[in-house]
Amino acid sequence: MEFLEKNIGTVSNNQGSFSIDLTQANDTDVLVFSTIGYKSKSVRVSNLRTDSKTLENVRLEREIYELNEVVVKPGAFRTVNLGRSFGRTRLSAGFANNKLGNELAMEFNAGKTAFFPERFEAVISTNTYGKIKLRVNVYEAANGVPAKNILSENIFVETEIKKGILSVDLTPYDLRVTGTFFISLEIIEDMGEGRLHFVADYKGKPILTRAVSQGNWRSQDDVSLNFSVIGKQEVGKSK
């Protein structure tokens, strides 16, 4: 849940419990409750302050996804990697901070032909936290930034990799994309003190970051991450 148009928010734990500071909020501010697979719901801070049972009555309605018909014709498919290997580099980059909801994203372009993502990879250069848990998000693009999340269920990933490739299997989610889209990693648990950095370079698409899921995206124009999306695309079709 986050304040609309403000970079303030938090993430609930596995039991749905959360804590958020309202002391600096105005009565006209709006708190947005959201989760993948459900419609978001907005509540004014004034309602929270005047009625202690408001939170108890917050119920999210399941999102109904209307998918376009997909006709699969016989043909040959090739494996396509939409990322770019940086080779040897000593540059690294990561989350702006370790707060809940902090998110970083990279842009990919599948071209005009349908692309079926099968695996997402991120090259970790440093992980001093030990075991970490992140959420993977896949977004449509609008005006050069991530827009609607196209996932119908959460993709969580846990790893203890200190240095190496973080690989996420996307095949169970039956994803299909065309054109430009974004994939992000999001902090969903308090990781404490430490560092999580990924292999980076000065060339390539810039990193996009935001503090919370309803916050504004910011472009880090000077650095790109070694993120890759591997999947299938029909032979003979343009990328």
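Points to keep in mind about this one:
- Neighbour-limited loop hits for trypsin sites (Lys or Arg not before Pro), region 88-166 (at most 12 other Cβ within 10 Å; DSSP other than H, G, I, E, B): R88, R90, K112, K131, K162, K163
- Between T171 and V223, the FRET efficiency from the beta-carbon distance, with R0 = 35 Å, is close to 0.70.
- Amide H contacts under 5 Å for A110: G179, T180, F181, restricted to partners 5 or more places along the chain or on a different chain, H placed in the peptide plane at 1.01 Å from N.
- Ranked by the mean number of other Cβ atoms within 10 Å of their residues, highest first, the peptides 190-202, 22-34 come out as 190-202, 22-34.
- Length-normalised contact order of region 102-179 in % [C-alpha pairs under 8 Å, at least 6 apart]: 47 percent
- Applying 0.36 nm per residue to the separation of E160 and E193 and subtracting their alpha-carbon distance, the gain on full extension is 10.4 nm.
- For region 131-239, the share of accessible area belonging to carbon and sulfur comes to 43 percent (1.4 Å probe, ligands and nucleic acids excluded).
- Protection proxy ranking, peptides 165-172, 91-98, average beta carbon neighbours within 10 Å, highest first: 91-98, 165-172
- Förster radius 30 Å - calculated FRET efficiency between R119 and S42 (Cβ-Cβ, nearest 0.05): 0.25
- Taking amide H as placed 1.01 Å from N in the peptide plane, L91 has its amide H under 5 Å from the amide H of A200, each at least 5 places away in sequence or on another chain.
The values are calculated or read from the model by the stated rules, or taken from the named source; none is laboratory data. Predicted model, so just to flag it, every value in this text is computed and none were measured. Note that each Cβ is placed from the backbone with ideal geometry, even for glycine, and that neighbours are counted across all protein chains shown. Side chains included, ligands, DNA and RNA excluded: accessible areas come from the protein's heavy atoms. Shrake-Rupley method; radii C 1.70, N 1.55, O 1.52, S 1.80 Å.
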